[in-house]
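Structure, as C-alpha cells:
The values are calculated or read from the model by the stated rules, or taken from the named source; none is laboratory data. Here the structure is a predicted model, which means the values were calculated and not measured. Because the Cβ atoms are built from the backbone with ideal geometry, glycine has one as well, and the counts that use them run over all protein chains shown. Note: areas computed on protein heavy atoms with side chains; ligands, DNA, RNA excluded. Shrake-Rupley method; radii C 1.70, N 1.55, O 1.52, S 1.80 Å.
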Amino acid sequence: MNTRYNIEHAAEACCRRGFIFAEESTSGLLTRSGGADAKAFPLPGDEPQWPRDRVCDLRHTKLEIDLDVEERRISGVASHTLSPINDGLTSLELDAVELDVTGVRLEGDRDLAFTTSGGKLNIDLGRAWNAGEELTLLISYSSQPRRGLYFNVPDDAYPGRPRQVWTQGQDEDSRFWFPCFDHPNQRFTSEIIAKVPASWTAISNGRLVSSEAEGDHRTFHWLQDKLHSTYLMSLVAGEYTEVRDDVDGVAISYYSPPGREGDTRRAFGNTPKMVQFFAEKIGVPYPWDKYSQVTVADFIFGGMENPAGTTMTDALLHNERAHLDYSADRIVAHEHAHQRWGDLVTCRDWSHGWLNEGFATYFDLLFKEHDLGRDEFRYAVYQDATTYLQEDSQHYRRPIVSNMYRQPVDIFDRHLYEKGALVLHMLRAYLGEDLFWKALNHYCTKHRGGNVTTDDLQKAVEESTGRSMDRFFRQWVYKGGHPAFKLTYQWDEETKTARLGVSQTQAADETTSIFAVPIVLAYETSQGRREVKLDISEANQTFYIPTEEKPLMVSFDPGYRCLKTLEFELSREMLTYQLAHDEDIIGRITAAQGLAKQEDPRSVEALAEAVKTDEFWGVQSEAAKALGVIKSQAALEALVGCADVAHPKARRAVVAALGNFKEKAAFDALLPFMERDDSYFVEAEAVRAVCKTREAGAFDAVTASLGKSSFNDIFTAMGLAGLGDLQNEQAIEVAKEWAGYGKPSRAREAALGCLAKLGEQKKEIAEWVSDYLDDPWLRVRAGAARALQEIREPVAIPALGRRIPRELDGRVVRQCREAIASISAGRDRGEDVKKLRTDLESLGEENRKLKDRLEKLEDRLGK
C-alpha cells in the first residue's frame, strides 16, 4: 500500500501518510540532531497488539455478489472452504462489521445456527470437526458498506464524479464488505463473481474466467488460484478503457476512464521495464497470472498492491505539460514491487509491516537507479532520509518493529516506509552487491507463498551469507533512532596527517543505541581521490589518516550509505572546492549546506555558480535553497540572476528560495513565474512564494489565481497555503469559501490548513473548523483535525473527542487523538513558540539588513 501521496513532489515521493500537502522543511536535515524534541509514539490507551490465533486453515474463498450502485448496496454469498488445524472444532468466528447476515449453510448439508455482535459472526458448526476434515460454509449477506467497498456516484455538488465501485482491504477493512478472517496470517485462494451494469468492466485478482452479458447487467468471473491474504482481495468496477502491454509473457493492462489513454500511457508506461528489472534482480519471475493497474476517483490511498491487480489513484494521470517534471514511476514501481514483497511474501502481522512497505519503498528507489542513474537514486535516498528525519525529530521516535498501537494504520508512517527502505540500503552497503542479492533471493524463494517476521529475514540473510546480523537488526530495526554525528577535522602539516574526531551525540537509552557502523571517508588532493573505511562503534573516537598532502576536500559517508544526521564544520575554501569538484552529489549538497552558514560574498558566489552550472538538478536545487537560507542582499541578487535556470525542478527551488525574502525585488522577480511557466510546479511554487514575501499586492495577485486550471488543482492548493503564510486576515473568508463542500478536495484540505494560520480570534476559527470533522470526505476530516492541532484551542477538544468513536478511518482517528494530546499539553507553550519564531524572524531580517549596509560601506571604503 502506498500511503504516500505528496502532490508537491509530483509522486516522486508520493507519500505523507496518505494525505497531501505535507510541508517541506527548508533546513539542511543532514545537519539536524535527531530526536531531542521527539515525542513518544504510543498515545494514551495504546496497548500491545498480537498476532491472532488460527483455528482453521482457510483454503478457498468465493464471493458471488451483486452491486446495486444507486442504493450503494452489495448482496450475495461468501463461501469459505476450510479445514480445522486441531481436532474438536465446534464453532468458528469471522469478522463481519455492519453486515446483514441472513443465513449460513454447510454446503451439501444443512443450515447452521449463527449470531452476530460486536463486528463478529459466530457460527455453530453443528458438530466437532477434526484436523484434516474439509467443510465449506455458504454465508448469505448484504450491506451498505461505509468502509472496505466504496460506491462513487455523482451528487449535486460533484456532478462530474464518475460512477465507480472499488474496494480497499488494507489494513483490516475487508470485514466491512464480506465476512472473513481479516488478519494477514491467513492465506488462501479466491474467486470473485460480480454482477455489474452492462456497460461496465469489473477487474479483480488473478485471471478472467468469463464475462457474460445478462440483459442490462454483465457478470465477471475472476479466479485467483495462488495463495494470498484477505486484505489483498480486490474488486474495481466502472466504465473503463484498457491499454495493453506485454513483456516476457506477462500480460499487462492499464484501465482508466475513456478519453485518457494518453495520460494513462504517460503514468504507467514504464511498467514493462519494472517487470523485467525486478525479475532479473530478485531472481524470482513475476509470480501472478497477469498484471493490471486500474485508476479510481477519490481513492483513499495513493495505490494498493492487490495481487495481479493494483488499484491506483486517478491523480496519477497527467498531461504533457505535467510530464515535464512529473513522474508516477515511484508509486508505480512501489506497487509492482509489492507483488513479491507483501503479496507473495506477506508479513505475519502488522508490527512487521516494514517487510512489505520498507521493501517496496527501497525497490522503487532501486528502479530509479536502474532507469535514471546513480545521481537520481542518491538524491531520492537523501530525500527519503530527510522525510524520516522530520518525523523522528518533530513528531516521535519508535523502533521499526513495534506492536504498540491502537489501529494497524497508526504505524504506516515514515519509520515503516522510508526508514525501512534505508535499512535495506544500509544492508546492501554492509553486505555488498553480490551477497545482498543472494540474500534477498534466498529470502523470497524460501518464504514465497507464506507469512514472515523480521526474524525470518535475518535468518535468511545469515543462512545465505554466513554473516552474523544480530547487532545490525537490533540497532536499526528493534530499536529506534540513528547516529547523530558531530565531527571535528584538523590537518597536521608536519606529520602529513588528517585528524578526524567522530562523536555520536544521540542519547543512548532503551530506545536508541550508540551505533556500530562502517563509514567511508573520502578525501581529495592534487594526486586524486582516496577512500578509507572507518569502523565506528563508540560514542567518541579519533581517526588519524595519513595523506600525501593537505586535502582539498573531505567527505564523510559519500553516497549516503548510512542513515544519520551530521554536523561537520569545514573551511569555506574546502566547502567551495567540494561544491565545485566532488564527484558525489551528496558531497556537493553537504558543501552547499555548509556554505549557507558562511554567509559571506564568496560563499554566495560559489552557491550561485552551482545553481547555474551544476550538472545535476538536485544540487542546483540545494544550492538555491542555501541562498534562501543566507537571505543577504547578495543572495537575493544571486537568486534573481539564476531565475532562468533551465531544469524545471531547479527553477522551482529558485522560486521557493525567493519567497524567503521579504523584499519588493523578490516579489517583482516572482510575478512572471506566477503568471506563466512551462512547469505547473514552478508556477504553483511562485503562487505560494509571492505570499511569503508579504509585499503589498500579494493578496490580490494570489486570490485572482485561485481556481485557475492546473494539474490536480495545485495552483489553488498552493495559493491557499500561501495565503496562510501571508498572514492577511482578509484571507479568512476566502479560505472559508474554498473549504466548502463542492470545491476540489485538495483545495478544501489546503483551505483548512490556511485557516489554522490566520486570525487573532482563534476560538472562533476553531469552532468553525470543528464542523469539518464530520465532512463526508476523509481527507477533509483529517485536514480539520490537523488544523485544530495547529490552532491549539481547547474549545476543539470535545468535537475531536466526539469524532473518534464515529470515525472509521484509522488515520483520522490517530490525527484526532494527536490533536487532543497536543492541545491538552498547553496552548500557551505553542503560542510562545510561535511568537519566538516570529521574533527571531524579525530579528534575522534586521540583522541581515545591517550586515548588507556594513558590507556596502566596507566596499566603498575599500575603493
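Laid out as a table, the results:
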| read-out | value |
| --- | --- |
| Thr525 out of contact with any helix residue (DSSP H, G or I) (no Cβ under 6 Å at 6 or more places or on another chain), β-branched (Val, Ile, Thr) and touching a residue at least 40 places away in the same chain (Cβ under 8 Å) | no |
| Flag if Ala96 is open to solvent by less than 30 Å² (accessible area, probe 1.4 Å), within 32 Å of the chain's Cα centre (by Cα) and touching a residue at least 60 places away in the same chain (Cβ under 8 Å) | yes |
| Val654 being open to solvent by 10 Å² or more (accessible area, probe 1.4 Å), within 28 Å of Arg572 (Cβ to Cβ) and in a helix (DSSP H, G or I) | no |
| Wholly within the range 56-108, strands (runs of 3 or more DSSP E) carrying at least 1 residues that are of a type in the set (A, V, I, L, M, F, W, C) and touching a His at 6+ places or on another chain (Cβ under 7 Å) | 56-68 |
| The range 388-401 - residue that is of a type in the set (S, T, N, Q) and in contact with a Leu (Cβ under 9 Å, 6 or more places away or on another chain) and, of those, most open to solvent (accessible area, probe 1.4 Å) | Gln390 |
| Residue in the range 561-581 that is surrounded by fewer than 23 Cβ atoms within 10 Å (Cβ to Cβ), modelled with pLDDT under 95 and not hydroxyl-bearing (Ser, Thr, Tyr) present | no |
| Total residues in the range 664-694, condition modelled with pLDDT under 95 and either on the phi > 0 side of the Ramachandran plot or not in a helix (DSSP H, G or I) (or both) | 1 |
| Matching residues, the range 595-635, being in a helix (DSSP H, G or I), closer than 18 Å to Asp584 by Cβ and under 28 Å from the mean Cα position of the chain (by Cα) | Trp617, Gly618, Val619, Gln620, Ser621, Glu622, Ala623, Ala626 |
| Search result, residues across the range 50-63 that are open to solvent by 60 Å² or more (accessible area, probe 1.4 Å) and within 15 Å of Leu149 (Cβ to Cβ) | none |
| Number of positions in the range 222-248 that are open to solvent by 10 Å² or more (accessible area, probe 1.4 Å) and more than 25 Å from Ser199 (Cβ to Cβ) | 6 |
| The range 720-734 residues that are closer than 17 Å to Glu764 by Cα, paired with ones that are open to solvent by 20 Å² or more (accessible area, probe 1.4 Å) and in a loop (DSSP other than H, G, I, E, B) (beta carbon under 8 Å, 6 or more apart) | Gly724/Lys757; Gln727/Arg694; Gln727/Lys757; Glu729/Glu760; Val734/Leu706 |
| Index of the failed condition, Asp155 passing every other in (1) without any contact (Cβ under 8 Å) to a residue 24 or more places away in the chain; (2) outside any loop (DSSP other than H, G, I, E, B) | (2) |
| Residue under evaluation Val640, criteria (1) part of a loop (DSSP other than H, G, I, E, B); (2) at pLDDT 95 or above; (3) surrounded by fewer than 22 Cβ atoms within 10 Å (Cβ to Cβ), criterion not met | (1) |
| Sole exception among (1) within 21 Å of the chain's Cα centre (by Cα); (2) open to solvent by 10 Å² or more (accessible area, probe 1.4 Å) for Val423, by number | (2) |
| Residue match in the range 226-238 (condition: more than 30 Å from Pro51 (Cβ to Cβ), of a type outside the set (A, V, I, L, M) and touching a residue at least 40 places away in the same chain (Cβ under 8 Å)) | yes |
| Those helices (runs of 4 or more DSSP H) lying entirely in the range 733-849 with at least 2 residues modelled with pLDDT of 95 or more and of a type in the set (Lys, Arg) | 745-755, 778-791, 797-806, 810-824 |
| Residues that are in contact with a His (Cβ under 7 Å, 6 or more places away or on another chain), open to solvent by less than 30 Å² (accessible area, probe 1.4 Å) and free of Cβ contacts under 8 Å to residues at least 24 places away in the same chain, drawn from the range 439-469 | Ala460 |
| Gly76 vs. criteria within 25 Å of Val153 (Cβ to Cβ) and either surrounded by 18 or more Cβ atoms within 10 Å (Cβ to Cβ) or at pLDDT 95 or above (or both) | yes |
| Positions within the range 775-794 being hydrophobic (A, V, I, L, M, F, W, C) and open to solvent by less than 30 Å² (accessible area, probe 1.4 Å), in sequence order | Leu778, Val780, Ala782, Ala784, Ala785, Ala787, Leu788, Ile791 |
| Subset of the range 731-774 [surrounded by 20 or more Cβ atoms within 10 Å (Cβ to Cβ) and of a type in the set (Asp, Glu)] | Glu749 |
| Total residues in the range 667-717, condition among the hydroxyl-bearing types (Ser, Thr, Tyr), free of Cβ contacts under 8 Å to residues at least 40 places away in the same chain and open to solvent by 10 Å² or more (accessible area, probe 1.4 Å) | 4 |
| Entirely in the range 168-228, the strands (runs of 3 or more DSSP E) that have 3 or more residues that are under 22 Å from Cys56 (Cβ atoms) | 187-197 |
| Every residue from the range 271-327 that is open to solvent by less than 10 Å² (accessible area, probe 1.4 Å) and at positive phi | Ala308 |
| Filtered residue count, the range 487-534, keeping only those that are among the charged types (D, E, K, R) and part of a strand (DSSP E or B) | 7 |
